[in-house]
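The values are calculated or read from the model by the stated rules, or taken from the named source; none is laboratory data. All values reported here derive from a predicted model rather than from experimental measurement. Cβ placement follows ideal geometry from the backbone for every residue including glycine, while neighbour counts extend to all protein chains displayed. Areas reflect the complete protein model, heavy atoms only, side chains present, ligands, DNA and RNA absent. Shrake-Rupley method; radii C 1.70, N 1.55, O 1.52, S 1.80 Å.
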Amino acid sequence: MMRNLVVTVVLIVMIVRFTAPCRAQTSAELLNYLQQDAKLSQDQIAALGKGQAVAKNLESRKADEVFLFGVIYVNATPENYVKVAYDFDRLRKLPNYLALERFSTPPQLSDLKGFALDSQDIKDLRDCKPEHCNIQIPASSIADVDQAINWSGPDAEQQVDQMAQKKALQHLLAYQKEGNSALGVFNDKHDPTQAPAQFKYMLSYARVLPKALPDYYNYLLDYPNGKPANVEDMFYWENVKFGLKPTLRMVQVVTMRGNNPHQPAYTIAEKQIYSSHYFETALDLTYCIRSDDPKLPGFYLIMIMGSEQAGLTGFKGSIVRSHAVGRSVSNLEKSLTAIKNTLEKNQ
C-alpha cells in the first residue's frame, strides 16, 4: 500500500531532529555496540571511519514493526546539534511543515491556534464510523463528533477545528496527568490499536535498545512518575505534509543530559502522543556520544527510529515493506550526511 510506503519514508523526513543509542563512550565500547548489537559489517565500520553515514534496517520481531538504525561521526559539539535540532524557527521554513508550535507550561488552548484538519479530513471525519475511519480517532470521539457538529451549518469546518483543538488539549492534559494509560485505544480500524501496550512492546526490544539507561527508559513508560533529575520534558504539535496528505501530530520530547562520562552527552526521545494518519505508535531515540579520541573531538550521532504500522503483513504487505524500508535506509543515510554538513559548516 502506498500509505505504508509514505509512512516509512516519512520517518526519514523527520530525522533532521532525531538520533539513536549507544551504551558507552570509549572507542572500544562503541565499536562493540556497533558490531554486536547493531550488526554493522566490517565495510560499514570502515565507511564510518571515513566520515560516511551508515544506515540499515534492523531485524524486527513482527511484520508491522519497523526499526531503522543510522550512525555518523560529526565534527561539532552535541550542544550545537540540540540547538539546531530544536530551532523551531528554522524548522518552520522547511517545505514539509505546514505548522509547528511548542506548548506552553501548562498547555493552553491558545497554543493550538492553527491546529486544523484539511477539507478532505473533515469530509472523512463526517463519514467516520467505529472500525471504519480514515482518521485515527478513538470510538468515543467519533460519537462526540456526531453529537457536537452541525454538519449542515455554514460554519461546520470551523466547528470541527474548534472541537479538534479542545480534544487535543484534553488529550495532552490527560496524558500529562495519567501517562500512557491516557493514550487509550484507537478504534478507527478493524483491529484496535492499544497505544500503551505498543509503546511498552517497542521499548522491550533489547536487541536494539541499549540497557545503560534504565531510569530513562522506565520514565518513558511510567511518565509522569519517576522522572530522573537530569531530564527535561517539552511538548509540541505539528502539521506535516508527508506526501499523500497533511498529518497532525502531538509529540513529547524527553531530553536527558549526561551527568557522567559513561552516559551519552544527550539522550533524546520523541514519543508520539497522537497522529491523525499513518503512525499507530512512533518512538524515535536520539543519542549523542562524545568521542574519546583526541584526534576526533566531535561526537557520534546514532539513530534508531521505531514504529508500529498496519498493512505490512501478507503477500502485498511484504512487497510494500521491502520497497519502503529500502528507500528509507537510503534516505536515512542522506539525512545523516545533511546533518553532518550543516553542523560542521557552522563550526
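Residue by residue, here is whether (1) among the β-branched types (Val, Ile, Thr); (2) out of contact with any strand residue (DSSP E or B) (no Cβ under 7 Å at 6 or more places or on another chain); (3) farther than 22 Å from residue 241 by Cα holds:
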residue: 97; (1), (2), (3): no, no, no
residue: 100; (1), (2), (3): no, no, no
residue: 104; (1), (2), (3): no, yes, yes
residue: 108; (1), (2), (3): no, yes, yes
residue: 113; (1), (2), (3): no, yes, no
residue: 116; (1), (2), (3): no, yes, no
residue: 123; (1), (2), (3): no, yes, no
residue: 127; (1), (2), (3): no, yes, yes
residue: 130; (1), (2), (3): no, yes, yes
Open item on the list: Looking at the range 13-20, can you tell me whether even one residue there is modelled with pLDDT of 85 or more and buried (at least 18 other Cβ atoms within 10 Å of the Cβ)?
Closed with: no
TODO: Spot the failing condition for residue 240; the list is (1) within 21 Å of residue 214 (Cα to Cα); (2) touching a strand residue (DSSP E or B) at 6+ places or on another chain (Cβ under 7 Å), and only one is missed.
DONE: (1)
Task: Subset of the range 236-255 [open to solvent by 10 Å² or more (accessible area, probe 1.4 Å) and not basic (Lys, Arg)] - done: 239, 242, 243, 244, 246, 255
Task: Condition met for residue 154 (crowded, with 19+ Cβ neighbours inside 10 Å and over 23 Å from residue 98 (Cα atoms)) - done: no
Open item on the list: Looking at the range 169-201 only, could you name the residues that are among the acidic types (Asp, Glu), surrounded by fewer than 16 Cβ atoms within 10 Å (Cβ to Cβ) and at pLDDT below 85?
Closed with: 191
